[in-house]
Structure formats: structure tokens, C-alpha cells
Amino acid sequence: MWTPATRRQHSRTGLRYASDLTDDELRILEPLLPAAPGRGRRRAWPLREIANAIFYVLRAGCTWRLLPDSFLPWRTVYRWFVRWFV
């Protein structure tokens, strides 16, 4: 049953899209994400934005090329998706 406390806990207000990760969801997901490499080039994109874009495509059911411009380039998101899930 939804109570005022659970509604606040699961609220998605303030997020750009309904599929974006909240801070609590990101804390759960972070141990599963790859650590930053110790050497070499730094990551150009934060993993949170990559995960948000992947969840958007999965939730919306759109193709990678139809990813809105407010996200990262679709090829970058797709490359990370293949790296993590395929």
C-alpha cells in the first residue's frame, strides 16, 4: 500500500527522464559497474549517464539511433551496452 513515506521514497521528481537512476539506485548498481582504469586515458563519460541512456532505450523500446540528444552519442552507449550485457 502506498503511504506518504513510500511515495517520497520512490518519487522520481527532479529526474530528467523517468528511466534515470536515483542516487539510491546508483548506490546499489555501483559495485556492479567496472572500476576506473588505473592507467591510461580517463573516461570521457560518467558511468551514471551511460546507465541512464541504456535504461532509457530499454524502457522506451526505441532504437539506439533514436536516443535523444540530451544523452551521450548513441554509439558510445551501444558500445557500453554490448560490453556489459552481451
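The values are calculated or read from the model by the stated rules, or taken from the named source; none is laboratory data. Note that the coordinates shown come from a computational prediction; the quantities given were computed from them, not determined experimentally. To get the accessible areas, we keep the full protein, side chains included, count just its heavy atoms, and leave off ligands, DNA and RNA. Shrake-Rupley method; radii C 1.70, N 1.55, O 1.52, S 1.80 Å.
Here is how the numbers come out for the structure above:
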read-out	value
Count - residues of the stretch 1-21 that are within 14 Å of Ile50 (Cα to Cα) and of a type in the set (S, T, N, Q)	1
Condition met for Trp84 (modelled with pLDDT under 95 and of a type in the set (A, V, I, L, M, F, W, C))	yes
Those residues of the stretch 59-86 which are assigned to a helix (DSSP H, G or I), farther than 17 Å from Leu15 by Cα and open to solvent by 80 Å² or more (accessible area, probe 1.4 Å), in sequence order	Arg65, Leu66, Arg75, Tyr78, Arg79, Arg83, Phe85
Search result, residues across the stretch 37-55 that are within 21 Å of Phe71 (Cα to Cα) and either of a type in the set (S, T, N, Q) or open to solvent by 50 Å² or more (accessible area, probe 1.4 Å) (or both)	Arg42, Arg43, Ala44, Trp45, Pro46, Arg48, Glu49, Asn52, Phe55
